[in-house]
Amino acid sequence: MKVTVVGAGAVGASCAEYIAMKNFASEVVLLDIKEGYAEGKAMDLMQTASLNGFDTKITGSTNDYGKTANSDIAVITSGIPRKPGMTREELIGINAGIVKTVATSLLEHSPNVTIIVVSNPMDTMTYLVHKATGLPKNRIIGMGGALDSARFKYRLAQALEAPISDVDGMVIGGHSDKGMVPLIGHATRNSVKVSEFLSEEKMNWVVEETKVGGATLTGLLGTSAWYAPGAAVSSLVQAIACDQKKMFPCSSLLEGEYGLNDICIGVPVILGKNGIEKIVEIELSDAEKAKMQESAEGVKKTNGLLEV
Ligand SMILES: NC(=O)c1ccc[n+]([C@@H]2O[C@H](COP(=O)([O-])OP(=O)(O)OC[C@H]3O[C@@H](n4cnc5c(N)ncnc54)[C@H](O)[C@@H]3O)[C@@H](O)[C@H]2O)c1
Ligand SMILES: O=C(O)C[C@H](O)C(=O)O
């Protein structure tokens with residue numbers, strides 16, 4: 001199993017590290033446009049192998065896609081991250097050109113690749129990869145909901161004063177400060193709805209903190225987060241590589257599901273060896289449906305800025 005990670009910056013390197021630590025891939029190729037940068041990160045990570053007990057080979061490449069040839073899975077993290085006070089949507093001007101070039105270069109060398117898009121604004125970048133490559137929809141996956149759901153569970157556990165392993169919950173919709181739809185009505189603590197434990201006020205706090213999870217970290221760090229994003233990507237890669245049939249909310253091209261068309265947005269999907277093997281349509285309340293609709297309008301507005 002060969003995995004390429006484009007962009008050896010904060011998220012790309014974290015993602016490569018978690019993939020290697022989970023020890024399911026034979027090779028991870030890290031590629032970056034900055035001379036020597038990916039080679040340096042790959043060498044540094046390889047020097048953790050004997051300490052951390054993995055056999056995955058990590059190779060660095062300065063923009064040489066020959067080294068990525070015949071990758072099974074590729075992750076696109078190349079592009080700029082936001083700074084405090086910015087929205088993800090503001091990154092479109094620079095990131096769209098980078099993501100389009102990277103996706104086509106990947107495909108030239110790996111015709112059977114499944115692509116995971118991370119660069120922001122992620123739902124629009126995922127849509128752009130569809131338009132630019134024409135790959136079947138099961139082989140293009142946007143990562144956002146897996147991360148947002150991990151943040152949701154973190155906030156739920158805080159509010160419940162419970163261990164995170166007791167908590168389950170999911171965030172669907174667009175990966176944006178306003179567009180996320182944390183499904184608080186479906187969230188549980190050991191199969192019991194969290195509304196049995198939490199006041200309306202506490203549940204609203206969980207939802208609002210989840211939606212601005214990325215912005216909160218950007219404010220603290222001066223750039224956007226990387227550990228949880230890297231871990232979330234590695235979980236998606238593992239689900240595909242190991243044919244786990246696991247369910248994650250991912251940005252997927254919709255053709256009528258959830259009443260939406262011609263848009264990539266976060267919905268629950270089953271991930272296995274064929275990438276997105278199924279889009280799962282769950283029953284939403286009228287309020288959740290309205291939020292999903294509003295979120296889709298936001299994503300479509302950003303998609304409208306693309307030149308495709
Ligand atoms: N979807 C998500 O949940 C999620 C989570 C975190 C970050 N992100 C996004 O991921 C992206 C990367 O974030 P980061 O913190 O790693 O940024 P970073 O600046 O640390 O790393 C980005 C890397 O991309 C490289 N790059 C730029 N153009 C390239 C090209 N054409 N080919 C190859 N490499 C190129 C840069 O040299 C840099 O090393 C940002 O757009 C950020 O907003 C998304
Ligand atoms: O917040 C960001 O800009 C990066 C990423 O989308 C995140 O949610 O951490």
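The values are calculated or read from the model by the stated rules, or taken from the named source; none is laboratory data. All of these numbers come straight from a predicted model, not from anything done at the bench. Positions of Cβ are generated from backbone atoms using ideal geometry, with glycine treated the same way; all protein chains shown enter the neighbour counts. With ligands, DNA and RNA removed, areas are computed over all heavy atoms of the protein, side chains included. Shrake-Rupley method; radii C 1.70, N 1.55, O 1.52, S 1.80 Å.
Pairs exceeding 22 Å between alpha-carbon atoms, taken from 100/301; 83/137; 246/291: 83/137; 246/291. Segment 182-287: which GluC sites (Glu not before Pro) are DSSP loop and have at most 14 other beta-carbon atoms within 10 angstrom? Answer by residue number: 281, 283. Relative contact order (percent) for the chain, with alpha-carbon contacts under 8 angstrom and 6 or more residues of separation? It rounds to 18 percent for the chain.
Label sites at residue 57 and residue 287, each approximated as a point 7 angstrom past Cα along Cα to Cβ, lie 5.5 nm apart. Just so you know, the Cα atoms of the chain work out to an Rg and Dmax of 18.5, 56 Å.
Once you divide the Cα radius of gyration of segment 129-181 by 2.2 N^0.38 Å, the number left is 1.49. Modelled this way, with points 7 Å down the Cα-to-C-beta line, the labels at residue 247 and residue 199 are 3.2 nm from one another. Using θ = phi - 60° in the Karplus curve 6.51 cos²θ - 1.76 cosθ + 1.60, the 3J(HN,Hα) couplings for segment 21-37 round to 4, 7, 6, 10, 9, 6, 9, 10, 9, 9, 10, 9, 7, 6, 3, x, 5 Hz; x is entered for Gly and Pro.
The residues of segment 223-262 have, on average, 38 Å² of accessible surface per residue, using a 1.4 Å probe with all protein chains present. Roughly to the nearest percent, how much of the accessible area of the chain is carbon and sulfur, given a 1.4 Å probe? Carbon and sulfur atoms account for 52 percent of the accessible area of the chain. The residues of segment 85-184 have, on average, 34 Å² of accessible surface per residue, using a 1.4 Å probe with all protein chains present. Over segment 166-274, the hull volume per residue, using the convex hull of the C-alpha atoms, is 139 Å³. Here's how it looks for residue 263: its modeled amide H is under 5 Å from those of 254, which are all 5 or more places away or on a different chain.
Directionally averaged projected area (segment 20-164, Cα convex hull): 10.8 nm². Computed over the Cα atoms of segment 63-149, the ratio of the radius of gyration to the Kirkwood radius (Rg/Rh) comes to 0.97. The three principal axes of the C-alpha atoms in segment 48-89 carry coordinate ranges of 41, 29, 19 Å, sorted with the longest axis first.
As a length-normalised measure over Cα pairs under 8 Å and 6 or more apart, the relative contact order of segment 208-297 settles at 20 percent.
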